[in-house]
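For reference, the structure discussed in these notes is given below.
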Amino acid sequence: MIHKIPTCLLLISIVSSIGLKADNLKEIFFSEDFENGLDKWDLNNPAKLPIIDSGNEEHGKVLGLYPGGHNVHALIKNSDHWTNFKIEGDVLFPENEHNYLGVIYNYNVRGTRIDYGCIYIKGNGSYVRVNPHRDGHVSRVLHEEYRTALKGDSAIVTGDWQHFKMEVMGSVCHFYVGDMETPKLTFEFHEFSSGRAGFEPRVSGSECWIDNVSVSAISEFNYHGPGLPAGIDYQPDKLITNWNVLGPFRRRNEQIEKDIYSPDQSYAESKRSYRWMPFTADGRGCVVSGKIIEWQSARNYAYFHSEIVAENSKKVKLQFSTTNDLQVWLNGKPTGKIERKQFAWYDFRENPEHKVDELDVTLVKGTNHLLILDKGLGFKGYSGDGFYAKVAFQE
């Protein structure tokens, strides 16, 4: 399946699908030059988000975003249900140190979890990169194919202002730097279709400044070409994409491992009860376990189950690309462990530079039960929980 981004979407269809009135979409309008305070913003760490004097007559006062750990956000007030909008502004990186500007979209709070889309401009590296956050945990290593260098008129130069724009339609995002006609990347694999918008700095390093922020509603993307970066060819039909999931747990559960797969069985831990729930890999074929596994807490374990149907008994290879340590069972028998790597690659099957980790197993005729224990990175780990899995049938 070729990686594509939806082209022109009719506004009436989008409004119908999300249950909002067209009038509400037209009301999305916001502008900010930071000359009159920060009443339009929710700041969770005000000391790291001050208004400062840029020393530039054209820009005057600007918002400084200073690193302060894993929890520095400037969110636009009353943007809770925003969808189908564009946000743009100017950014400057005053120092040639590790820094970035993260542009936040579809920010959602669910219970104790905070999940949101994020695309960032790297100041000292001059590139853009996709970096969704799940339970506050960055997950860029699951999206390494979405890293694009900024060159020419789009390059980041220390001490110079640069213009950026993000267009968001539902869960799909187009991101521009410098050139406002052709995006640097188009990303369609975020799980939320609405939510708050705002900005964040890098966890550590140096600051960035922003100015002249504006937001308005859109009814379609400005760009209607092929997905970017060019050349990405996802083939999820060749991977294991249909799963069930249990979790998240604080520790392994031996009963689950013995039961193999009991869809009606419930399992308890710390006064919580869990049942198997359907779970589908994203459109690339990636099992984004960070959607289930928690990062802020100690609930770092999840079990994934899938069925493999074989016409006859045969030897196969189970192949993986994973950022997490995995333990694997087939039909109730342990088959081995897969150690985590820095990145999980969508093209691990064909690209020799993206090593395939595999286990030799024998399928029985009929339905085979594949069980995987996914150990998340936890709060001390970094940066993204997930894996790809494939059955390689031998000739």
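The values are calculated or read from the model by the stated rules, or taken from the named source; none is laboratory data. Worth saying up front: this structure is predicted, and the values here are computed from it rather than measured. Reconstructed Cβ throughout: ideal geometry from the backbone, glycine too, with neighbour counts over all protein chains shown. SASA here: full protein model, heavy atoms, side chains in, ligands and nucleic acids out. Shrake-Rupley method; radii C 1.70, N 1.55, O 1.52, S 1.80 Å.
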Seminar exercise, completed: segment 221-269 and segment 331-395 have their Cα centres apart by a whole-number Å value of 12
For this session: Please work out, to two decimal places, the log10 of the ratio I(q)/I(0) at q = 0.10 Å⁻¹ from a Debye calculation in which every Cα of segment 238-355 carries one identical scatterer.
Result: -0.33
Problem set entry | Given 48/184; 86/341; 165/355; 40/165; 48/341; 315/355, the pairs whose alpha carbons are separated by over 25 Å | 48/184; 86/341; 165/355; 48/341
Seminar exercise, completed: In units of 2.2 N^0.38 Å, the Cα radius of gyration of segment 195-282 is 1.84
Exercise. Rg to Rh ratio, segment 185-243, alpha-carbon atoms and Kirkwood radius?
Worked result: 1.05
Exercise. So which trypsin sites (Lys or Arg not before Pro) in segment 45-137 are both in a DSSP loop and have at most 13 other Cβ atoms within 10 Å of their Cβ?
Worked result: 77
Seminar exercise, completed: 1/(1 + (r/R0)^6) with r = Cβ-Cβ of residue 270 and residue 27, R0 = 41 Å, i.e. FRET efficiency to nearest 0.05, evaluates to 0.40
Exercise. Leaving out ligands, DNA and RNA, what percent of the accessible area of segment 191-340 is carbon and sulfur, probe 1.4 Å?
Worked result: 44
Exercise. What list of ³J(HN,Hα) values in whole Hz, one per residue of segment 343-359 in order, does the Karplus curve 6.51 cos²θ - 1.76 cosθ + 1.60 (θ = phi - 60°) give from phi, with Gly and Pro shown as x?
Worked result: 10, 10, 10, 5, 9, 5, 6, 9, 8, x, 7, 10, 3, 8, 9, 9, 10
Problem set entry | Accessible area of segment 28-74 belonging to carbon and sulfur atoms, whole % at 1.4 Å probe | 45
For this session: Run down the aspartates and glutamates and flag those whose C-alpha is under 13 Å from the C-alpha of residue 317, throwing out any fewer than 8 positions away in its chain.
Result: 357, 358, 360, 395
For this session: Normalising by the residue count of segment 273-395, find the relative contact order in percent from Cα pairs under 8 Å and 6+ residues apart.
Result: 40
Exercise. Here are several values of P(r) over Cα pairs in 10 Å bins from 0, in percent: (i) 5, 22, 29, 24, 14, 5, 1, 0; (ii) 5, 18, 23, 21, 15, 8, 3, 3, 2, 1, 1, 0, 0; (iii) 5, 23, 33, 25, 12, 3, 0. Which one was derived from the coordinates shown?
Worked result: (i)
For this session: Give the accessible surface of the chain per residue, rounded to a whole number of Å², with probe radius 1.4 Å and ligands, DNA and RNA excluded.
Result: 44
Exercise. Can you give the calculated 222 nm mean residue ellipticity of the chain, where each DSSP H run of n ≥ 4 adds -39,500 (n - 2.57) and the sum is split over every residue, rounded to the nearest 500 deg cm²/dmol?
Worked result: -1000 deg cm²/dmol
Problem set entry | Environment charge at residue 77 (Cβ cut-off 15 Å; Lys +1, Arg +1, Asp -1, Glu -1) | -3
For this session: Report relative contact order for segment 77-182 in percent, whole number only (criteria: Cα-Cα under 8 Å, sequence separation at least 6).
Result: 29
Exercise. Taking a quarter of the surface of the convex hull around the Cα atoms of segment 310-382, what do you get in nm²?
Worked result: 5.6
Problem set entry | Where GluC sites (Glu not before Pro) fall in DSSP loop in segment 161-208, at most 15 other Cβ within 10 Å | 181, 191
